[in-house]
Every structure is written in structure tokens, then in C-alpha cells.
Amino acid sequence: MLTDYSRIVVAYDHSELSKKALNMALNLAKQDKQIQLNVVMVLQPTKPLPYAYGFVSYDDSQREELNTVRKEIEQDLTPLPNKTRTFLLEGNPGQMIVEFVKQNNADFVVMGSRGLSGLKELFLGSVSHYVVQKAPCPVLIVK
């Protein structure tokens, strides 16, 4: 039983390593029904808008693709008796993951070491490094 880790966050970008990370988190959650599992995906801005300080644009096709992936994940989570949720955040992936972890009092993060899939814009190689350095809780990096 994982009494020390009751709120797990999985950083997911649909890459093979993030799929492995999700499977690892599912196996951890199955050990105790009290474990909450939150899957977080981050939509990264494509470019700043001209003359709009601080505003960014997002690629609609990327948003649609992530919503499709989100629905697939929700179906995968359905058989799990644990409380589960999926989140689609917008912004810098590393910062958004760490902010989510802090705001939701997560006590464990599971993520792939790199996210170089068709959605490679979501996770650059430095995202896992950033999360390991900045997260206030343990981070499991899956290879």
C-alpha cells in the first residue's frame, strides 16, 4: 500500500515514454483505492501574437489532437476504481506541471524522460529535468 503517495500526477504527451509513465502510475494506483491519479497534458504556445504583450496563440489542430488523446486516456482510466481526472493546461510545460503539482498538493509525479512523439512540442527534453529540479515532491522518471 502506498500511504505516502496519495495524489499522483502523470505528465503525459502521448509519446511512448509518457505511455510507459502512465502505465507505471496506473500500477501504483491499483495498490490502493485511496490514491488519486491526475493526468496532465500541456498545450504549449506556438508563437507570440504581434502587438499583444503577454498573449500567445495556440494551434487549433494541436488542441483538437490533445482533446482526442484526453478522451482516450479517460477511457483507459475508467476501469480503475480510484478517483482519476485528466487536465489540459496551456503554457510552458515544465512550469505548468510544477504549478499544477503545487496547487493540487500532489505528493508524487510520474513522467517520461523525454517526449519526442508527434506531439513533441509539448515536452522538450528539458521538461523532465525542470520538473525534477522544481517540483516540491518526489519525481519518478520512466525510461
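Readers should treat all values here as calculations from the given coordinates under stated rules, not as data from a laboratory. Please read all numbers here as calculations on a predicted model, not as lab measurements. Counting neighbours? That spans all protein chains shown, and the Cβs are built from the backbone with ideal geometry, glycine included.
Residues whose amide H comes within less than 5 Å of that of Asp13, counting only those at least five positions distant or on another chain, are Ser18 (H built at 1.01 Å from N in the peptide plane). With neighbours defined as other Cβ atoms within 10 Å of a residue's Cβ, the residues Tyr12, Tyr130 order from fewest to most as Tyr130, Tyr12. Near Leu43, the amide H atoms lying under 5 Å from its own belong to Leu89, Glu90, Gly91; only residues 5 or more places off or on other chains count, and H is placed 1.01 Å from N. Remark: the range 89-97, residue by residue, has Karplus-estimated 3J(HN,Hα) of 9, 10, x, 5, x, x, 5, 5, 5 Hz, where x stands for each Gly or Pro and the curve is 6.51 cos²θ - 1.76 cosθ + 1.60 at θ = phi - 60°. Computed from backbone phi with θ = phi - 60° and the Karplus coefficients 6.51, -1.76 and 1.60, the 3J(HN,Hα) list for the range 130-141 is 4, 5, 4, 6, 9, 5, x, 9, x, 10, 9, 9 Hz; x is used for glycine and proline. A cut-off of 5 Å between modelled amide H atoms, ignoring neighbours fewer than 5 places along the same chain, links Phe108 with Arg7, Val9.
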